[in-house]
Amino acid sequence: MTKPSSAFASRDYRVFFTSRVLSALGHQMEVVALGWLVYAMTHSTFALGLIGLASFLPVLAMALISGHVADRFDRRWISIISYGLIALGSVGLIVCANIGEPALYAVYGITILLGFARSFSNPATQALMPTLVPREALPNAISWSTSAWQLASIVGPAMGGLLYVFGPGTVFGVAALMFLASGVCLYAIHMRPVPQKREPATLEAALAGIRFMREKPVILGAISLDLFAVLLGGASALLPVYAHDILMTGPWGLGVLRSAISIGAIAMSVALVRFPVTRNSGRIMLATVAVFGLTIIAFGLSTNFWLSFAALFAMGASDMISMYIRQTLVQSETPDAMRGRVSAVSTVFIGASNELGEFESGMLAAALGTVPSVVLGGIGTLVVVALWAKFFPALRDRDHLLAEHAA
């Protein structure tokens, strides 16, 4: 087997990797603090669910616009400006934390504004990454780029939980510095302009990403599979409830539980760098999503902290494999001129489905109870795997991960 080209041979990719770690670290710290702050204010699963909805709606509303913007303008500057706005939002959360419960609605408002900023940063940064490395190094870059998020997610939640001891404002302040540093790193990238014809700003051009995915059943099947799996398996939104009411731990325990998912993911990502998926990719993806559903059920039923940790670890490891397969399919088969639009649609299907899944979990938990809602989500994930195996035979029977291998 030929050793894959290293993305780290590119100076620009090394800088991009650093930026991705910093932004992911700030985001994960902020998620922990935001969830704990809202639950401390309200003691309501419904309120936690609304945080997920407030994060999701802006990404959904701006998907067509933000993707088209990423394909028409400098992706680096789009990301820099977005991270600056996110840092300002973090400062706003500091003010809300100092005010306390009367600022609850302001917290929701700032969360919506953060969602708008991320709706532009996500497709821009995803579309930027493949332009920083030679084509033969793209699979390696995708693996490490995904790992960067997971690596920061190991440290971020635990760090957020520990810093929360000094108050939520401390967490939000450190997160704001992380976002600013991430923007500085992106500014340091030496761009290599890729000449391309700018399409006019029309509805037809904006919808091109959706049409492209619809014409690629393997990509559509992979992305939609992850969409429904994450939507039904949004148990992470209820981690504050499990940490506080079921496992009887504090903010540090919440941070450790959130880290468990990322520890499993980063362990698997290291394995994938050394032993990448090359054959039976479709069946492997379906199998790992099924494992994801089983681990959700195990976590939902657990009342032991370390058993819950183990279930979340396995959840992260299985999710990493499906994420790796999906991102490799999307990035390697999408032309650069359309990467922004396809990435924006993918963000709605996958990235934003995390927030929508949190909303669904919060609503279901408010209606049925925390444990039944998580277990039903895991069962629903298994049903989706069975349906997708039947309705997307092109995905199920996909053998080679890459249709065309680099020499």
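Select from the range 275-291 the residues that are over 22 Å from Pro217 (Cβ atoms) and at pLDDT 90 or above and list them in ascending order. Before the answer, list the steps.
Of the residues in the range 275-291, the ones over 22 Å from Pro217 (Cβ atoms) are 275-276, 291.
Of everything in the range 275-291, just one residue is over 22 Å from Pro217 (Cβ atoms) and at pLDDT 90 or above, namely Val291.
Looking across the range 144-170, the residues that are within 20 Å of the chain's Cα centre (by Cα) and of a type in the set (A, V, I, L, M, F, W, C) come down to Trp144, Ala148, Trp149, Leu151, Ala152, Ile154, Val155, Ala158, Met159.
Taking the range 33-72 as the range and being surrounded by fewer than 21 Cβ atoms within 10 Å (Cβ to Cβ), under 30 Å from Ala337 (Cβ atoms) and small (Gly, Ala, Ser) as the test, only Ala61 passes.
Residue under question is Gly369, and the condition is that it be more than 24 Å from Leu57 (Cβ to Cβ), modelled with pLDDT of 75 or more and among the small types (Gly, Ala, Ser); does it hold? Even if it seems obvious, please write down each step before you answer.
Working: more than 24 Å from Leu57 (Cβ to Cβ): yes; modelled with pLDDT of 75 or more: yes; among the small types (Gly, Ala, Ser): yes.
Against the criterion (more than 24 Å from Leu57 (Cβ to Cβ), modelled with pLDDT of 75 or more and among the small types (Gly, Ala, Ser)), Gly369 qualifies.
Val256 meets all of the listed conditions (1) at pLDDT 80 or above; (2) part of a loop (DSSP other than H, G, I, E, B) but one, namely (2).
Among the residues of the range 237-253, those identified as surrounded by fewer than 21 Cβ atoms within 10 Å (Cβ to Cβ), of a type in the set (A, V, I, L, M, F, W, C) and in a helix (DSSP H, G or I) are Ile246, Trp252.
Just one residue in the set Val15, Val31, Val69, Val38 is at pLDDT below 90, closer than 24 Å to Pro130 by Cβ and of a type outside the set (Phe, Trp, Tyr); that residue is Val69. Being closer than 23 Å to His68 by Cα, out of contact with any Asp or Glu (no Cβ under 7 Å at 6 or more places or on another chain), of a type in the set (Val, Ile, Thr) and in a helix (DSSP H, G or I) holds for only one residue in Ile154, Ile142, and it is Ile142. For the structure I just gave you, tell me whether Ile86 is among the β-branched types (Val, Ile, Thr) and surrounded by fewer than 24 Cβ atoms within 10 Å (Cβ to Cβ). Here the answer is no, as Ile86 does not meet what is asked. Against the list (1) touching an Asp or Glu at 6+ places or on another chain (Cβ under 7 Å); (2) surrounded by fewer than 24 Cβ atoms within 10 Å (Cβ to Cβ); (3) more than 29 Å from Pro335 (Cα to Cα), the condition Thr131 fails is (3). Within 19 Å of the chain's Cα centre (by Cα) and modelled with pLDDT of 80 or more: is that true of Ile321 in this structure? Yes.
Quick one: count up the residues across the range 100-132 that are over 16 Å from Ala33 (Cβ atoms) and of a type outside the set (Lys, Arg). Before you say what the answer is, go through the steps one by one.
Just the residues of the range 100-132 that are over 16 Å from Ala33 (Cβ atoms), to begin with: 102, 105, 109, 112-113, 115-132.
Okay, now just the ones that are also of a type outside the set (Lys, Arg), so 102, 105, 109, 112-113, 115-117, 119-132.
Matching residues across the range 100-132 total 22.
Of the listed requirements (1) among the aliphatic types (A, V, I, L, M); (2) over 20 Å from the mean Cα position of the chain (by Cα); (3) outside any loop (DSSP other than H, G, I, E, B); (4) modelled with pLDDT under 85, Val184 misses just one: (4).
The values are calculated or read from the model by the stated rules, or taken from the named source; none is laboratory data. Here the structure is a predicted model, which means the values were calculated and not measured. Ideal geometry is used to build each Cβ from the backbone, glycine not excepted, and the neighbour counts take in all protein chains shown.
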